[in-house]
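Colleague: Before I ask anything, here is the structure I am working with.
The values are calculated or read from the model by the stated rules, or taken from the named source; none is laboratory data. Just so it is clear, the structure is predicted and the values come from calculations on it, not from any experiment. As a convention, Cβ positions derive from the backbone with ideal geometry for all residues, glycine included, and neighbour counts pool all protein chains shown.
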C-alpha cells in the first residue's frame, strides 16, 4: 500500500492538524539498527541467539572446517585442490556417485507413486478409521535405518526370509538377493521404498487435506468427471507439496547409510557403495578424512541444490497465493 | 477516565507506511469511531494506542502520561478483538475473571464483579461453559465482559460486531453505546461500517490510506464532507458525483457537465473562484437532495431505468448519457420505469478535481 | 445434492435408507471394497517385516531352519531373549534412553524460545526470514556432512566416546528442524489470544505460560516424541562417536549383533523388536499431529 497524496485533509478539519500534511517522514533505516533499537527486539534476538549459536558451532563450523580439510593432506600439509582432482579420477567414488543417483532415479518416483496412491486411498471417503491407517502406514518412517536394514536382511535371507516364499510357490529357484550386484540393487531399492514412501504419503496426504472440499462440488456442478476433477483441481493444489515431497525423498534417499550397513555392507565387491557409505568408509575405515571431505563437498552441493529449490518453493510459491 | 491524545503518529511496516502523521484528540468520555475502508490504518492506530504496536514516529498520551514506552498492561486500556480472542481453554467465567486475577483481586470480589457484569450483559447462563460451546453473540458478549469487568480508563474496540449476524448487530451497537454512556469511559471504536459509525459515534474520524480525512460529529461528516473520499464513503446510498466545470452563463455561475447545467449560488461561486481558479470540479449531491417533477418541459431531464423499492422509500436509478444517478423518492410518487423526469438539485457540494477537497 | 449427501452420511448406520439410496450405496460398496483391500495390502507390506522380526526372535532353532519358513512359530522359545539380555542389551537401552531424553529436552529448551521470537516478537521481517530460511536449509543437511569435522574436533578435544558429547550433538543436529516445526505450531495459534492476555494485564512471560503453552501443549508433546524418536534411531553420528559399551546406543548395538553368515538371527531379532517398540507407540500418538504439523509446519508460508 502506498500512501496517495491526492486526498489530504484540509487544514482546519483535523483536530490539531499538522501543517506538513503532504510530507511523509522517511521509513526507518536498515534492518540492523531497527533490530537493536528496541528493548523488545533485543529480547527477541536474545531468544534466537542460543539456537543460532548452536547451529553455527555444530553445523556451520564443520562446513567451513570441511573446506580446510579438503585443501590439506592427511598429514596436514597444504595440497590445494589435489584431493578434488584425485576424486575426479577415483573410480570407487564414481561408482558410489552413480549408485546414489541411480538409486535416486528409481526410488524417488516409486516413493512418490506409492505415497500418492496411498494418500489418495486414505483420503477417499471409503477409508474408514483414517487415524489407524495413517498410524500404520507411517511406521516405517520412524524405524531406525539400521533396524529397517536388519529386518529386510532377514526378509531376504535365502532360508529364513519371506521374500523367496512366493517365488518357491511359483516353482522358481530361490534368489540369493544380496550377493549379486543387480539383485542387491533391486533389493536395496525395495528397502528404501518401504522406508521412505511413508514420507511422501504423509506429505501428500497433508497436501490433500488442504484442498477445499467445495471446489470439488463446484467442479461436479460444472460437469467435471472424477478423473477430470483430479487432474484439474487436486493436482494443481498439491503441486507445491508434491515438489517438497520430491526434494525431501531425494535428500533422504541420498543420505542412506544404515540400510547398507545392515544388509550388504557395500558388497558384493563395491557394487552397493553409495555416497554416504563411501564417505564413511573413506573417513572411518580407511582413515582418510581429508580425502573423504572432498566427497562430502559433492554431497553438500547436491543438498544445496535440492535445498534451494525447497526454500524457493516454500517462500516464493506459497506467498504468491 | 482519560483523554487520549495522538500526536504525529506514523507507523511503518517495513517500507509500507500504514499510518501517516495522524493527529487526534479523543476527549474524556467520548466515543470516537475510527472509520475507513480495510487497510486505511485505523486498526494500526488503535493497536498503537493499545501498546501492541510501537509507533515509528509520534507520541501517544493517555491522560497526561506519554505511553509510548509502556507495556500494554501498564496502560490500563481494554481491547475487544474482532475475533474476540477468548481463551479457549478457560470457561467463560475464567475468561472474564482473568484480568481481575492478574490484578490480585480478592476471590469474593472477583466472583461478585464477574456475576454483575455477566448479568448486565445477559450471559449468566454461559459462565460455566468454555467459549467454544457458546454462540457467536454470547462469545462477543463474553469478550465485552472481559473488557468491562476491570473498569479500564479507555475502551478500544476492533470491529467487535463484524462477525455476528445483522439483527444482533443492530441490537448490540445500541447496547455498546448505552454501556459506554453509563460507564462514562472513553472509547475508541474501529469499524469499516459507516452505519455503525454514524449511529454510535460522538465523533467520527474518517481515515483513508493512513491519513486522517476528517474529524467531526456524525452530522458534520454527513452534511459537510471535507473531501470527495469522505463524501463517497459515508451514506448508505452513496452520493452522486457529476464531473464537470464551473462556467459563467448570463452572468450567473453554473456547473456545466455533459449531462446537466446546474446553477451555483453566488456565495459558493465566490468561494470556488478563490479556491479552485481552474473551475474544474465535481459536483456531489446526496440522493435525497435531488428533487424531481414529472413534467417533460423543465431543464435537466433524465430517464428512469430501474426502481429499487425499499418499503419506506424507493430508490430511482436514473441514467443520462452514461451518467448514473440514484435518487431517493420518499414521497412514494407513482414513477415507473421509462418515465422521463425533470431534476433539480437542492443542496450539493463541489469538489476540486485536483485535490479532491470540498469547496466551501 | 449436498443435502442428501449430508443426510446420507448422518444416517447410514442407524436409519434404513430409501430404496434408491440403498442402490447407490451398493454401487459405492464395490469401490469401497477395492479401496479397503488395497489398504489392507499396504498395511501388510508395511507391517510384515516387523512381524517377521518379532516372530524370528521367538522361533526355536528348528523353526528357524525349516524350509519354507514358517509364518507362525510352532514351538516358541525365549532363548534369543535370554541371550540378548545376557549380552547386556539393557545397558544399550539405558544409554539410548538417557541420550535421547536429555537431547530432546535441551533441544526444546533452546528451540522453543527461538520459534517464539520468530513468530511472536515482531522482529524485522527480513531478519526472521533469514533466520528461518537458514534453519530450513540446515535441517536438510545430511548428518554425515558434519560428522567428519566434528569427529576430528572431538578427537582433538578428547570427548569421543562420552555420553554428553552425543547429547550435545543430537541436541544441535535437531535444533533447526525443531525450530522450523515449532514455528509452524506457533503460527497455528492466533496471535490475538496472546495479545488479549497482554491487554488484560498479563506480562509477556505470563501470557506465554498461562495462555500459549496450554494451547500448544499437545503439539509440543508430539514434537518432543518426534525428536525423541529421531534421537533413539540416530545412527551415523553414533557410528563415529561410539567406541565402547559405555556409550553404545541401541542402533549400534543392533549393528554389532547382525550375524554375517550363521543362523543366529534370533538374537538380533530380539534386539530389533526392542528398538521398534517405542516407534509403534509413537506412530499411534503422532499421526494426528504429523498430518496437521506438516501442513502448518513444513508447508506454512512466510
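Colleague: All but one of (1) in the same structural domain as residue B:34 (by TED's automatic domain parsing); (2) modelled with pLDDT under 90 hold for residue B:220, so report the exception by its number.
Modeller: The one condition residue B:220 does not meet is (2).
Colleague: Give the number of residues within segment B:2-24 that are over 21 Å from the mean Cα position of the chain (by Cα) and on the phi > 0 side of the Ramachandran plot.
Modeller: The qualifying residues number 2.
Colleague: Then there is this: For segment A:103-144: of the residues being without any contact (Cβ under 8 Å) to a residue 24 or more places away in the chain and within 18 Å of the chain's Cα centre (by Cα), which is nearest to residue A:185 (Cα to Cα)? Full working, then the answer.
Modeller: Step one: list which residues in segment A:103-144 are without any contact (Cβ under 8 Å) to a residue 24 or more places away in the chain, which gives A:105, A:109, A:113, A:117, A:121, A:124-133, A:135-136, A:142.
Then drop every residue that is not within 18 Å of the chain's Cα centre (by Cα), which leaves A:105, A:109, A:113, A:142.
Numbers: A:105: 12, A:109: 16, A:113: 19, A:142: 23 Å.
Per the criteria, the residue is A:105.
Colleague: Okay, moving on. Is it the case that some residue within segment B:307-323 is in contact with a helix residue (DSSP H, G or I) (Cβ under 8 Å, 6 or more places away or on another chain) and under 21 Å from residue B:234 (Cβ atoms)?
Modeller: Yes, segment B:307-323 contains at least one residue that is in contact with a helix residue (DSSP H, G or I) (Cβ under 8 Å, 6 or more places away or on another chain) and under 21 Å from residue B:234 (Cβ atoms).
Colleague: Go through segment B:1-36 and report how many residues are in contact with a helix residue (DSSP H, G or I) (Cβ under 8 Å, 6 or more places away or on another chain), closer than 25 Å to residue B:179 by Cα and assigned to a loop (DSSP other than H, G, I, E, B).
Modeller: The number of residues fulfilling the criteria is 1.
Colleague: Inspect all residues belonging to segment C:108-124 and state whether any of them is more than 21 Å from residue C:211 (Cα to Cα) and either in a helix (DSSP H, G or I) or not assigned by TED's automatic domain parsing to the domain that holds residue C:252 (or both).
Modeller: Scanning segment C:108-124, I find no residue that is more than 21 Å from residue C:211 (Cα to Cα) and either in a helix (DSSP H, G or I) or not assigned by TED's automatic domain parsing to the domain that holds residue C:252 (or both), so the answer is no.
Colleague: Within segment A:159-169, track down each residue that is more than 9 Å from chain C (Cβ to nearest Cβ) and surrounded by 13 or more Cβ atoms within 10 Å (Cβ to Cβ). Break it down into steps so the answer makes sense when it comes.
Modeller: Restricting attention to segment A:159-169, the residues satisfying the condition of being more than 9 Å from chain C (Cβ to nearest Cβ) are A:163, A:166-167.
A:163 - this is the single residue of segment A:159-169 that is more than 9 Å from chain C (Cβ to nearest Cβ) and surrounded by 13 or more Cβ atoms within 10 Å (Cβ to Cβ).
Colleague: Going through segment B:38-91 one residue at a time, which ones are assigned to a strand (DSSP E or B) and within 14 Å of chain C (Cβ to nearest Cβ)? Spell out how you get there, then give the answer.
Modeller: First, pick out the residues of segment B:38-91 that are assigned to a strand (DSSP E or B): B:57-62, B:65-66, B:77-80.
Within segment B:38-91, B:62, B:77, B:78, B:79, B:80 qualify.
Colleague: Kindly indicate which of C:129, C:178 is in the same structural domain as residue C:211 (by TED's automatic domain parsing), part of a helix (DSSP H, G or I) and crowded, with 22+ Cβ neighbours inside 10 Å. Walk me through how you get there before you give the answer.
Modeller: On the way: C:129 fails: crowded, with 22+ Cβ neighbours inside 10 Å.
The match here is C:178.
Colleague: I want to confirm something. Restricting to segment B:92-108 and keeping residues that are more than 10 Å from chain C (Cβ to nearest Cβ), in a helix (DSSP H, G or I) and out of contact with any helix residue (DSSP H, G or I) (no Cβ under 7 Å at 6 or more places or on another chain), which single residue is nearest to residue C:210 (Cα to Cα)?
Modeller: It comes out as B:94.
Colleague: Here are B:297, B:288, B:308: which of them is modelled with pLDDT under 90 and over 19 Å from residue B:325 (Cα atoms)? Steps first, answer last, please.
Modeller: Details: B:288 fails: over 19 Å from residue B:325 (Cα atoms); B:308 fails: over 19 Å from residue B:325 (Cα atoms).
When all the criteria are applied, what remains is B:297.
Colleague: Taking the residues in segment A:123-138 that are assigned to a helix (DSSP H, G or I) and at the interface with chain C (Cβ under 7 Å from one of its Cβ atoms) as candidates, determine which candidate is farthest from residue A:198 (Cα to Cα). Steps first, answer last, please.
Modeller: Let us first name the residues in segment A:123-138 that are assigned to a helix (DSSP H, G or I), namely A:123, A:130-137.
Still in the running and at the interface with chain C (Cβ under 7 Å from one of its Cβ atoms): A:131, A:133-137.
Numbers: A:131: 14, A:133: 12, A:134: 9, A:135: 10, A:136: 10, A:137: 6 Å.
In this case the residue turns out to be A:131.
Colleague: Quick one: which residue in B:132, B:137 is in contact with a helix residue (DSSP H, G or I) (Cβ under 8 Å, 6 or more places away or on another chain), in a helix (DSSP H, G or I) and modelled with pLDDT under 90?
Modeller: Working: B:132 fails: in contact with a helix residue (DSSP H, G or I) (Cβ under 8 Å, 6 or more places away or on another chain).
The unique qualifying residue is B:137.
Colleague: Considering each of B:325, B:350, B:306, B:343 in turn, give the residue that is within 14 Å of chain A (Cβ to nearest Cβ) and part of a strand (DSSP E or B). Before you say what the answer is, go through the steps one by one.
Modeller: Working: B:325 fails: within 14 Å of chain A (Cβ to nearest Cβ); B:306 fails: within 14 Å of chain A (Cβ to nearest Cβ); B:343 fails: within 14 Å of chain A (Cβ to nearest Cβ).
Criteria check complete, one pass: B:350.
Colleague: Within segment B:58-66, does at least one residue satisfy the condition of being more than 29 Å from residue B:218 (Cβ to Cβ), in the same structural domain as residue B:136 (by TED's automatic domain parsing), touching a strand residue (DSSP E or B) at 6+ places or on another chain (Cβ under 6 Å) and at pLDDT 90 or above?
Modeller: Looking through segment B:58-66, at least one residue is more than 29 Å from residue B:218 (Cβ to Cβ), in the same structural domain as residue B:136 (by TED's automatic domain parsing), touching a strand residue (DSSP E or B) at 6+ places or on another chain (Cβ under 6 Å) and at pLDDT 90 or above.
Colleague: From the list B:63, B:14, B:51, pick out the single residue that is in contact (Cβ under 8 Å) with a residue 24 or more places away in the chain and surrounded by fewer than 21 Cβ atoms within 10 Å (Cβ to Cβ). Break it down into steps so the answer makes sense when it comes.
Modeller: Working: B:14 fails: in contact (Cβ under 8 Å) with a residue 24 or more places away in the chain; B:51 fails: surrounded by fewer than 21 Cβ atoms within 10 Å (Cβ to Cβ).
Criteria check complete, one pass: B:63.
Colleague: Would you confirm whether or not segment B:247-261 contains a residue that is crowded, with 23+ Cβ neighbours inside 10 Å and farther than 23 Å from residue B:148 by Cα? Let's see the steps before the verdict.
Modeller: Going residue by residue through segment B:247-261, those that are crowded, with 23+ Cβ neighbours inside 10 Å are B:255.
So of that shortlist, the ones also farther than 23 Å from residue B:148 by Cα come out as B:255.
Yes, there is a match, as at least one residue in segment B:247-261 is crowded, with 23+ Cβ neighbours inside 10 Å and farther than 23 Å from residue B:148 by Cα.
Each row is one residue, and each column tells you yes or no for (1) out of contact with any strand residue (DSSP E or B) (no Cβ under 8 Å at 6 or more places or on another chain); (2) within 8 Å of chain A (Cβ to nearest Cβ); (3) at pLDDT below 90.
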site: C:171; (1), (2), (3): yes, yes, no
site: C:182; (1), (2), (3): yes, no, yes
site: C:187; (1), (2), (3): yes, no, yes
site: C:196; (1), (2), (3): no, no, no
site: C:218; (1), (2), (3): yes, no, yes
site: C:226; (1), (2), (3): yes, no, yes
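Colleague: May I pose another question? Kindly indicate the residue of segment C:32-70 that is at the interface with chain A (Cβ under 8 Å from one of its Cβ atoms) and part of a loop (DSSP other than H, G, I, E, B) and also farthest from residue A:129 (Cα to Cα) among those meeting that condition.
Modeller: Restricting to residues being at the interface with chain A (Cβ under 8 Å from one of its Cβ atoms) and part of a loop (DSSP other than H, G, I, E, B), the top hit is C:67.
Colleague: Then there's this: Might you check whether a residue that is away from chain A (no Cβ under 14 Å) and free of Cβ contacts under 8 Å to residues at least 40 places away in the same chain occurs anywhere in segment B:198-208?
Modeller: yes
Colleague: Could you name every one of the helices (runs of 4 or more DSSP H) located completely within segment A:182-283 that has at least 1 residues being surrounded by 23 or more Cβ atoms within 10 Å (Cβ to Cβ) and in contact with a helix residue (DSSP H, G or I) (Cβ under 8 Å, 6 or more places away or on another chain)? Talk me through it step by step, then tell me what you get.
Modeller: On the way: elements: A:214-221, A:226-229, A:235-254, A:258-262, A:275-280.
Counting at least 1 such residues, we get A:235-254, A:258-262, A:275-280.
Colleague: Now a separate question. Here's a check for you: in segment A:85-102, which residue that is in contact (Cβ under 8 Å) with a residue 12 or more places away in the chain and surrounded by fewer than 17 Cβ atoms within 10 Å (Cβ to Cβ) is farthest from residue A:271 (Cα to Cα)? Steps first, please.
Modeller: Taking segment A:85-102 first, the residues in contact (Cβ under 8 Å) with a residue 12 or more places away in the chain are A:86-87, A:92-93, A:95-97, A:99-100, A:102.
This time we only want the ones that are surrounded by fewer than 17 Cβ atoms within 10 Å (Cβ to Cβ), so: A:86, A:92, A:102.
Working: A:86: 21, A:92: 9, A:102: 12 Å.
Filtering first and then ranking leaves A:86.
Colleague: Can we say residue B:200 is under 29 Å from residue B:115 (Cα atoms), in the same structural domain as residue B:10 (by TED's automatic domain parsing) and within 12 Å of the chain's Cα centre (by Cα)? Quick ask: steps written out before the conclusion?
Modeller: Details: under 29 Å from residue B:115 (Cα atoms): yes; in the same structural domain as residue B:10 (by TED's automatic domain parsing): yes; within 12 Å of the chain's Cα centre (by Cα): yes.
Considered against the rule, which asks whether it is under 29 Å from residue B:115 (Cα atoms), in the same structural domain as residue B:10 (by TED's automatic domain parsing) and within 12 Å of the chain's Cα centre (by Cα), residue B:200 comes out as yes.
Colleague: I would also like to ask the following. Which of the residues spanning segment C:243-265 are outside any helix (DSSP H, G or I) and either under 11 Å from the mean Cα position of the chain (by Cα) or at pLDDT below 90 (or both)? Please lay out each step first, then the result.
Modeller: Filtering segment C:243-265 down to residues outside any helix (DSSP H, G or I) leaves C:243-249, C:258-264.
C:243, C:244, C:245, C:246, C:247, C:258, C:259, C:260, C:261, C:262, C:263, C:264 - these are the residues of segment C:243-265 that are outside any helix (DSSP H, G or I) and either under 11 Å from the mean Cα position of the chain (by Cα) or at pLDDT below 90 (or both).
Colleague: So, residue B:189, is that one assigned to a helix (DSSP H, G or I) and either at pLDDT 90 or above or within 14 Å of chain A (Cβ to nearest Cβ) (or both) or not? Please lay out each step first, then the result.
Modeller: On the way: assigned to a helix (DSSP H, G or I): no; either at pLDDT 90 or above or within 14 Å of chain A (Cβ to nearest Cβ) (or both): yes.
Judged against the criteria, residue B:189 is not a match.
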